[in-house]
Structures are given as structure tokens and as C-alpha cells.
Amino acid sequence: MNALIFSIFNGTLYGLLLFMISSGLTLIFSMMGVLNLAHSSLFMLGAYFAYSISTVVGFWPALIFAPLIVGVIGALIERYGLRRVHKYGHVAELLFTFGLFYVFEDLVQMVWGKVPLPYKIPESLNFALFTWMGLEYSAYRVFMVLISLGIMVALYWLIARTRVGLIIQGSLTHPHMVAALGHNVPRVFMMTFGFGSALAAVAGVLGGNVLGTEPAMAAQLGPIIFVVIVIGGLGSLGGAVIASLAIGILTNMAISYDISFKTFFVALGVSPDAVGVGQDLIATTSGSIAPILPYLLLVLMLIFRPRGLFGTRDA
Amino acid sequence: MIQLLKKNSIWILAGFVILVLPLVFSSGFAISLMGLMGIMVIFALAYNMLLGQGGMLSFGHAVYFGLAGYFTIHFINLMSEGAIGYFPVSLLPLFGGLVGLFFGVLIGFVSTRRAGTIFALISLGFVEMMTALAFILITFFNGEEGIQADRWVGPEPLGITFGSGIQVYYLIGVWCLIAMIAMYALTKTPFGRMSNAVRDNPERAQFVGYSTQRVRWMAFALSSFFAGLAGALYALHFEHIGYEAAGLELSGEILLATYMGGAGHFLGPIVGAILFTFLKGVLSDLSSVWYLYLGTVFLLTILFAPTGIAGLILRHEPIWKTDVRLLGKMVLPYLGALITLLIATGGIIALIEMINFVADEYSQGSILSIYGIAVETTSFIPWLAFGFIALIGIGLCRLTFPFVTRNWDAIMDTVKERMLR
């Protein structure tokens, strides 16, 4: 029971981080039809900037300034990169962001080195907040959950209840009408791109010290957030919430329970003392297949419900 | 007869080049590198059946390349253990192709249900799964180490043992030629044309009565066949296969090579694969940040030359068809642009290398050798000097590039005039 609650807690935490990254991605996608493959690089940049800033002035300013810097970088990418490539079509746009992914990974290695950075949890939050059912809950992790939930609510409020959100929603579905009403639609796109990048960077600042700040972090997380937005339904924020939490909790449970699939494979007809590949199958545990669980979900989803959980149209 | 020769002159020329190359570049390294080039040419052309001809952007085509490699290595090992009968080694690429075809049909059924972004994402999902599986099914994939085999197996017809590198090179050469001709012929078939139609206007293709999904599936399967063929050759070439040959990195590399070569033309992937393999073989030893240069050049290609190298060359086609002498007028502007570009990039590369050297925790001392010059990185003078060179180069580029554009426009005007005449 304890382990269950603990893994749900950790899974929720991971899921909320995933949501923070994927919400920006899915907003950008539904707006411009561009899937930013370098989105996880912006998450990584957030973590690296946070480390550099926090070594000078501490964690709290980093929480503000790192996302701001990355937001500006994101806006510049849209303005001077994607907007130019747009005329060559979606494949060129995808390829452009793919190229950015390479460049960012190497730039980060060049500036901060190839080894993981000692980006630590801030001292002021480095204690056990409470103990429940014999397990300690770190103050920093609770803080992460609160911030992520706060951002989730704020994002919903921004999109659904404010004038800015109205313009963004309008630009998604009726860009020409919005432009005719006197709004600068390309600028809305640029700002949204910057905002989405900043959100990813917030996740980087918060998650970098828990997940590890290293050059490979973008490559590790990138494919998973794509899975999240496809499962949630491209362009759906609600879907992104559910898919992030589901994937976060599922992978965490798979690792912490580490169920062996021996009985399953024996029932399928693999002999218990098999050799070769059979032996590998018998030895498989849920922990070892945790990394591929998201992709399995993706494939199943695309076979049975290609539009995703809450997608309004077939992608 | 003469006409037949004339019609196929390009293939005869290609065959001749493949035949003669090892006589010109005869060092072991060169032969090994050229063999790899041949493999990558097949792989890039196979990839371009998706990207260029079918409009499908895949981030995981190395899966079929790598799986075929694994099966080939296992096949050889089983042969040498005597567990199965004998199969000529020189025909193993065909076996690899069939492995690729099998997985292409299987996975393609799921992934080609969608085109565009979703297809790209599914391909990404499958390549991630493939890499993860390499570490789960240890008996078959053997995790990080990969598996080895000795290609010197079975009887030796005509003394061909594939013990030496040159014999493997010619094996690759023959298969490369066959695959190139086959893939070129495919573009001329109704299927090849339908593939283009589905890329350009899927709705219309559907309206004419074709299932876009089936056309994509078929293109995917055939492309996987040729990728598998290349993968088997790769396994024979290195006598080893590891998870990296089926992973995201190689998938990305073949995408970059194909696109930079030019996805819109049949020649593009060939040029791209050869150039890419050469640069990787030579440059990756010289600089530890060569991926940064690669990525930057890729971004610049997308921004300024989306048709790739082949596209840049073929832009001149109307000129040389009108009058070859007109090309002479472009020599001077191009030369000027090239020199200024070299100055600018030379300065920038030096700066990047210095930053990389200073930031790298493994570098020794403070002296770095750039272009054969020993540079003291702690002093500000080399930074200033290379920064100055870079700025001068960029400034000169701003003079020479408009010169190119002006001349180009003038020549195109002449060409148009003569065409109208």
C-alpha cells in the first residue's frame, strides 16, 4: 500500500512535469501545425540556465530568469527560423526543428561539458516535509507538485477565461478572421511559441535537479512528450493532462513493482527452462520494459483510436 | 546495340567508376571507407523512396537496416556452426533484404495508416522500442556489445573467400549498382508515379481510386527491403552489428545525408551519402563538435537551399542546355563567394574550436593547434584575431553574394531571351 501511494505520488510528479513540457508543445502544434522536435531541447536549456544562474544568485531568481531567457530563444526560433521555412511545407518545418535538436545538444556539450552537472535541490527546500505511512515526502517534490498544479490551473484560466486566451483560441481556428479584426496573428504565433518554450524551461528548472542535468536529457525525454501529445490527442490540453499523468504513473509503477512476466510467458507456451530468446522473455520484468511502455501505448492507440483520447480530428 | 549502350551510359559509367576506384585509392582505409559509401548510397536511396518520392518523413529507418544486419550475422554464425546448410555469402544481402521486407510489411501496416507528422512520430516510437529491445532480448541482440561473425565461411567458389577488404568492396559495388538500377527503375513504374501522386495530392489520388494507405505501405515495404539489403552488407563489411546500427543516430544521419544531398532528385541521396560518409570518416576525427557543424549546415540547407546539393547543381541545367559558355560567366562570382565564405567559416570554426577546447574538462594545457598553428587560448590575441577574420569574411560575403545574384539574374535573362527566340 505504501509503495503504491509512493509510486503514485512520484508518478504524478513526473506526469505533471511531462504536462508542463507537452502543454506548450501541443499549443504550438495546434496553432501552427508544427511539431517542434526541439521542444525537449528547450526543457534541457531551462535546466542548464537554471544551474548557471543558481550558482551565481541562487535558485529563486533562476526559477524566474531561466524560463524568460528560453522564452526569448523560443520566440527567436519562430521569428527567424520557422517563419522562413514555412513556405517549404510541413516536412521542412519538422526537419528544421530536428536540426535544431542536434545543434542545441552539441552547443550544450560545448558550453557546459559532456558530464552531468551538479545541479542540486535548493537548500531551503531540502528537507522532509512530512512522513506519511512510514515514507518521507521531500519538501522540494511537494513544491514541484504545487507549482505544476498552479501552472496547470493558470494555463486553463489564461486560455479559457481571458481576452488573450480568446485571441489565441481564435488564431487556432480562424486566423484570417482574427487578423481581419486587427490582431497581428504572426506575432500571436511568436508569443505563443515563446510562451510554450518558457513553460518547457520551467519544467527544466524544476526537474533538472531531480531527473539529472546532462546533455542526453533532451534525447531521453523528447520522444516521451511526443507520445503524450499523440495519446492525448494533438492539440488537446485536457488530453495532454490525462496522458501525461497516465504515462507518469504507469512507468513509475512498472519500475517500483517490477512484476516478473514469467507466469505470463509460461502461459503463452514458453517453457520455464527455455534457452535463447525464450530465456530473455522469461526474465523480462515490468521494470525492464518500463522505457518502452509509452511507445507500446502509442502504437496501440494509433491502431485503435488514431485521433487520440480527446483529439477532435484524425491527425 | 549502340543505342542500348547510349541509353544506359550513366550506369555503365557508374559501374566503371566502382570498378576503377580501388585502383586509384588503394589504401586499406580508403577501400573500407568506399565500401561504407556504397552501403550508405543504397540506404540513402532506399530512404529517399520514403522522404523524396513518398513524402514520408521517417526518424527510424535504421530499424530495418539494423534488423537485417542482426539476422545476417546470426545466419553466418549458424552456417559456421553447421546448424543450417550452406548459402552463398555473396547472396546474403538478398536475405537481408527479405528480412527488411518482412519487418517493413509488418510495421508498415501500422505506421503507414497515417502520413505526415503522425507517421514521423510513429517511426520515432518504433526506433526507440528497437533500441530498448536490444537491451532486453540479450540473447538475440547482445545489448551494448552487439554480435560478431566471421564472413569467411563455407566453400570458396573461384577463390572468393571475402577474407580481404577488396573482395567485400567489390561485393558491395555489385550490389550497389544493382540496387541503384532497381530503385531508379522503380521510380519509372506506375507504382513509383502513384507514390509521387500520394505525396503531392493524397485526396486526388484517393478520388482516382487508389488507396493512399496501401500505396504508402507498399513504398514503405520496398524501401525497407533495400534498407535491409544495405544492412546485410553493413554486417558483412564490419563482421559486427550493434544496437547503434538500428538506432536513432543512424536514422538521423541517413535523413541528414539524404536531405542535404537533395531529396527531390534521384542523384541527391547518392551525392549526399558519399559526401556525408567521407566527411564523417575524415572530420569526426578532427573535431569533437563535428555534429554541431553538421547540424548547422543542415539548418542552413533547409533555410537557403531546400533542394539540396543536387538541386543547386540542377538549377544550372537551363543554362548549359542553352549555351555552356554562359556558365563561364558564373565562374568568377562563384569563386569570389567561395573564397569569402571560406574566410568567414574559417574564422568562426576557429572560434568554436577554441570555445570547445576551453570548456572541455578533458583538454590538456592551454595550447590548441588550429590549422597547424599553435594557439595560446589563455591570451586574448588569438580570440581577437580569429574574431577579426570572421568579421572580415562576413563583411566580404555581403559584397560577393549580391555579385553572384546579379550575375545569375543577368544570365537567366539571357537564357530566357534565347529560349523565346
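Here are some notes:
- Members of the stretch A:11-36 that are closer than 19 Å to A:GLY208 by Cα and within 14 Å of chain B (Cβ to nearest Cβ): A:SER22, A:LEU25
- For the residues B:ALA205, B:ALA232, B:ALA227, the requirement of being within 15 Å of B:GLN53 (Cα to Cα), in the same structural domain as B:ILE73 (by TED's automatic domain parsing) and assigned to a helix (DSSP H, G or I) singles out B:ALA205.
- Any chance A:ALA3 is surrounded by fewer than 24 Cβ atoms within 10 Å (Cβ to Cβ), of a type in the set (Gly, Ala, Ser) and under 21 Å from the mean Cα position of the chain (by Cα): no
- Residues that are among the polar types (S, T, N, Q) and assigned to a helix (DSSP H, G or I) within the stretch A:280-309 comprise A:SER286, A:SER288, listed in sequence order.
- Annotation note: Cβ proximity below 6 Å between a residue of the stretch B:238-253 that is part of a strand (DSSP E or B) and a residue that is at pLDDT 90 or above (sequence gap 6+ or interchain) occurs for B:ILE241/B:GLY69; B:ILE241/B:TYR70; B:ILE241/B:ILE73; B:ILE241/B:ALA235.
- Of the numbered criteria (1) closer than 24 Å to B:GLY125 by Cα; (2) surrounded by fewer than 18 Cβ atoms within 10 Å (Cβ to Cβ); (3) of a type in the set (Phe, Trp, Tyr), the one B:PHE298 fails is (2).
- Against the conditions (1) farther than 18 Å from A:SER40 by Cβ; (2) at pLDDT below 90, A:ARG79 satisfies every one except (2).
- Residue list for the stretch A:92-114, filter: outside any helix (DSSP H, G or I) and either more than 7 Å from every other protein chain (Cβ to nearest Cβ) or surrounded by 22 or more Cβ atoms within 10 Å (Cβ to Cβ) (or both): A:LYS114
- Those residues of the stretch B:300-321 which are away from chain A (no Cβ under 14 Å) and in contact with a Leu (Cβ under 9 Å, 6 or more places away or on another chain), in sequence order: B:ILE309, B:ALA310, B:ILE313, B:LEU314, B:HIS316, B:ILE319, B:TRP320
- From the list B:PHE65, B:PHE16, the one residue that fits, being aromatic (Phe, Trp, Tyr) and buried (at least 24 other Cβ atoms within 10 Å of the Cβ), is B:PHE65.
- Among the residues listed as B:VAL174, B:VAL198, the single one being among the β-branched types (Val, Ile, Thr), at pLDDT 90 or above and in contact with a Gly (Cβ under 8 Å, 6 or more places away or on another chain): B:VAL198
- Criterion: under 20 Å from B:ILE147 (Cβ atoms), of a type in the set (A, V, I, L, M, F, W, C) and at pLDDT below 90 - qualifying residue of B:ILE2, B:ILE84: B:ILE84
- B:ALA235 vs. criteria closer than 18 Å to B:ILE107 by Cβ, modelled with pLDDT under 95 and away from chain A (no Cβ under 14 Å): no
- Options A:VAL153, A:VAL145: the member that is in a helix (DSSP H, G or I), among the hydrophobic types (A, V, I, L, M, F, W, C), out of contact with any Ser or Thr (no Cβ under 9 Å at 6 or more places or on another chain) and at pLDDT 80 or above: A:VAL153
- The stretch A:192-225, subset within 14 Å of chain B (Cβ to nearest Cβ) and among the small types (Gly, Ala, Ser), residue farthest from A:SER40 (Cα to Cα): A:ALA216
- Residue within the stretch B:244-262 that is surrounded by fewer than 24 Cβ atoms within 10 Å (Cβ to Cβ), over 21 Å from B:SER32 (Cβ atoms) and either of a type outside the set (Gly, Ala, Ser) or not assigned by TED's automatic domain parsing to the domain that holds B:GLU128 (or both) present: yes
- Qualifying residue in the stretch A:164-171 (condition: surrounded by 13 or more Cβ atoms within 10 Å (Cβ to Cβ), within 14 Å of chain B (Cβ to nearest Cβ) and either in a helix (DSSP H, G or I) or of a type outside the set (Ser, Thr, Tyr) (or both)): no
- Among the residues of the stretch B:89-148, the one identified as out of contact with any strand residue (DSSP E or B) (no Cβ under 7 Å at 6 or more places or on another chain), surrounded by fewer than 24 Cβ atoms within 10 Å (Cβ to Cβ), more than 13 Å from chain A (Cβ to nearest Cβ) and of a type in the set (Gly, Ala, Ser) is B:SER90.
- Per the listing B:VAL289, B:VAL297, B:VAL324, B:VAL282, the residue uniquely modelled with pLDDT under 85, out of contact with any Lys or Arg (no Cβ under 6 Å at 6 or more places or on another chain) and within 11 Å of chain A (Cβ to nearest Cβ) is B:VAL289.
- The residues of the stretch A:68-91 include none that are free of Cβ contacts under 8 Å to residues at least 12 places away in the same chain, more than 11 Å from chain B (Cβ to nearest Cβ) and crowded, with 19+ Cβ neighbours inside 10 Å.
- Residues located in the stretch B:242-256, provided they are closer than 9 Å to B:ALA62 by Cα, within 13 Å of chain A (Cβ to nearest Cβ) and aliphatic (A, V, I, L, M): B:LEU248, B:ILE254
- Contact annotation: residue pairs with Cβ atoms under 6 Å, 6 or more positions apart or on different chains, pairing a residue in the stretch B:325-340 that is under 23 Å from B:GLY395 (Cα atoms) and in the same structural domain as B:ARG398 (by TED's automatic domain parsing) with a partner that is part of a helix (DSSP H, G or I) and among the aliphatic types (A, V, I, L, M), are B:PRO333/B:VAL404; B:ALA337/B:VAL404; B:THR340/B:LEU396.
The values are calculated or read from the model by the stated rules, or taken from the named source; none is laboratory data. The shown structure was predicted, so the numbers you read here are calculated from the model rather than taken from an experiment. Cβ: placed from backbone, ideal geometry, glycine included. Neighbour counts: every protein chain shown.
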